[in-house]
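The values are calculated or read from the model by the stated rules, or taken from the named source; none is laboratory data. Note that the coordinates shown come from a computational prediction; the quantities given were computed from them, not determined experimentally. Note that we place each Cβ from the backbone using ideal geometry, even for glycine, and neighbour counts take in every protein chain shown.
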Amino acid sequence: MRESWFKRARAGLITAAVLALVFSLAPNVYNNSSLLFMMMTYIVLSQGLNLLYGFTGYLPFGYVGFFGTGAYATALLVMKLHLPIGLAIAAGPIASMIVALVLGPLLRLSGAYFSIANLAASQILFIVIGNPNLQDITGGPYGVKIDEVYNPTASYAAMVVLVVVVTLIATFFRRSRFGQGLKAMADDPVSAEMSAIPVVRMRLLAWLTSAAVAGLAGALYAWNLSVFYPDAVFTLEISVFAIVFALFGGVGTVLGPIIGAGLLYALYNAIGISEPQYFQLIYGVLIVGLVMFLPEGILSLLTRRGINVF
Amino acid sequence: MSSEPILTLTNVAKSFGGLQVLSDVNFELKPGEILGLVGPNGSGKTSVINLISGVHQPEAGSIRFDGAEIQRLTPHARVKLGINRSFQVPKCFISMSVRENIEVAAHFSGHNADIPAILDDIGLTGMEATPAASLTANQQKMLDLGRALATGPKLLLVDEIGAGLNPAELTGIADLLKRIAARGISMIVVEHLMEFLNKLTSRVIVLSAGKIIFEGSLEDASHDPEVVTAFFGGAA
């Protein structure tokens, strides 16, 4: 007999509630809310990447493309069409999903071919957005400015809500039949088809969901920052961080990307900004150590001992 | 039982690049019937299974199942119509337990599967929580079959399930397949082991270089000069 919906979602609800509480109260005890906002952004991005990579096995190296698309869609709609910020933010994930639909045929590729093609697609977006000849439309290399809607408090609160929502989506992926179907597809797509799983449709759904999450994170990031250049939202570093954070914690789980992003982003801020040379060294050692000893992330320390990890 | 065929292949052809792997394949299968599909390596047996199950699409010809043309349907749509298969190299969901492997197929097919009965059929009762990855190759074959049974098939395509099994295991599998057929499930069994096939059916189709060269009883096939040449080469 299958557990009730509430029982299956309980761990996710608790995790989401704890995250909401921590990030709502944190600005009262730690006054660098920009850092907290960025930590939440990376939790969302790592989790969004996990929805695709952790559950379908597709590693999107160009994941930042969706983040940048969401940020630019929001900023341009405010700048050019003077849309209310709420509507402009809603357009962020929609724009990312449109890009994901256009890039949908990439899902026919697998492994490194998919990752490389996705990376190339994100770089094309970066080049197009930053093209000086398109300055009148996209702002070109000089970026965009929406300081008339700048509201760090509201954008922070919206990001807290997004962290909660993404945690619940990841819980759904982890604990539902839909997620089980994705897991089956990752194990063997042919056998999954022979289990009546609509592989193409479900893979596309995971892809669109993952893109929408990054697009919404980008939209809130644009609102929070209000002035930014193409480099800020299309830099490959964002993809790399999201991948490393998710892998460090453990993909295919809900807690893994949260722990990975929380710990490593805190480390980045503790030593990465003041002493970047040591940070690079430590990060390098961490990644090598991770690949060699904990390829399934730090949560695998628990699963290896038979502890069921959420 | 209806005498209308449950499966009809008409002039089916398939090639990969410049290699014609099947041409002019025509045959019928009656409800509840077991058909043996034999032939030398590379003769196109697994290709027939792949075309019926939807893993590959035919370039020409039609495949009718239960009165409807299915050759353009996706594999998962064919599963919902009642076609399933096992694989020569078992394709279990290795990150899942034995029970989850069967549950996921039952859920997505919408079939109200009797999971304990399937576990009993495939000899994995008591191993529900065992990770599929830690099963032996033969147990994985059985789990693959169990996954197919969980979708409630009317037609089961069995691809070389006997390979690598000892005589006692072969007898067990033959008995299981006969029990499955007795429930009204039609079956196409691809097999190299003639003795094993002889326990299951008297009707076989022999393929050679992508063409049907014989259709009839296994006994007659063994005396057919063209079949003998296909298997052993040279003059019969």
Taking the criterion of being under 23 Å from B:G172 (Cβ atoms), of a type outside the set (S, T, Y) and within 9 Å of chain A (Cβ to nearest Cβ), would at least one residue in the stretch B:44-57 satisfy it? no
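Residues checked against (1) in a helix (DSSP H, G or I); (2) over 24 Å from A:I124 (Cβ atoms); (3) in contact with a Cys (Cβ under 6 Å, 6 or more places away or on another chain):
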residue: A:V213; (1), (2), (3): yes, no, no
residue: A:A222; (1), (2), (3): yes, no, no
residue: A:V233; (1), (2), (3): yes, no, no
residue: A:S239; (1), (2), (3): yes, no, no
residue: A:A242; (1), (2), (3): yes, no, no
residue: A:F245; (1), (2), (3): yes, yes, no
residue: A:G252; (1), (2), (3): no, yes, no
residue: A:G256; (1), (2), (3): yes, yes, no
Which residues, counting only those in the stretch A:251-263, are out of contact with any Pro (no Cβ under 8 Å at 6 or more places or on another chain) and in contact (Cβ under 8 Å) with a residue 40 or more places away in the chain? A:G252, A:T253, A:V254, A:L255, A:G256, A:P257, A:I258, A:I259, A:G260, A:A261, A:G262
Residues that are of a type in the set (S, T, Y) and modelled with pLDDT of 95 or more: does the stretch A:100-110 have at least one? no
Quickly run through the stretch B:134-179 and pick out the residues that are hydrophobic (A, V, I, L, M, F, W, C) and either more than 14 Å from chain A (Cβ to nearest Cβ) or free of Cβ contacts under 8 Å to residues at least 40 places away in the same chain (or both). B:A137, B:M142, B:I161, B:A163, B:L165, B:A168, B:L170, B:I173, B:A174, B:L176, B:L177
Scan the stretch B:172-214 residue by residue and report those that are in a strand (DSSP E or B) and among the charged types (D, E, K, R). B:R203, B:K211
Within the stretch B:143-171, residues being in a helix (DSSP H, G or I) and closer than 20 Å to B:S47 by Cα number 3
Of the residues B:I63, B:I94, which single one is more than 14 Å from chain A (Cβ to nearest Cβ) and without any contact (Cβ under 8 Å) to a residue 60 or more places away in the chain? B:I63
Within the stretch A:158-201, of all residues that are charged (D, E, K, R) and part of a helix (DSSP H, G or I), the one nearest to B:N84 (Cα to Cα) is A:E193
Unique residue being more than 20 Å from the chain's Cα centre (by Cα), touching a residue at least 12 places away in the same chain (Cβ under 8 Å) and within 13 Å of chain B (Cβ to nearest Cβ) when the list is A:A184, A:A196: A:A184
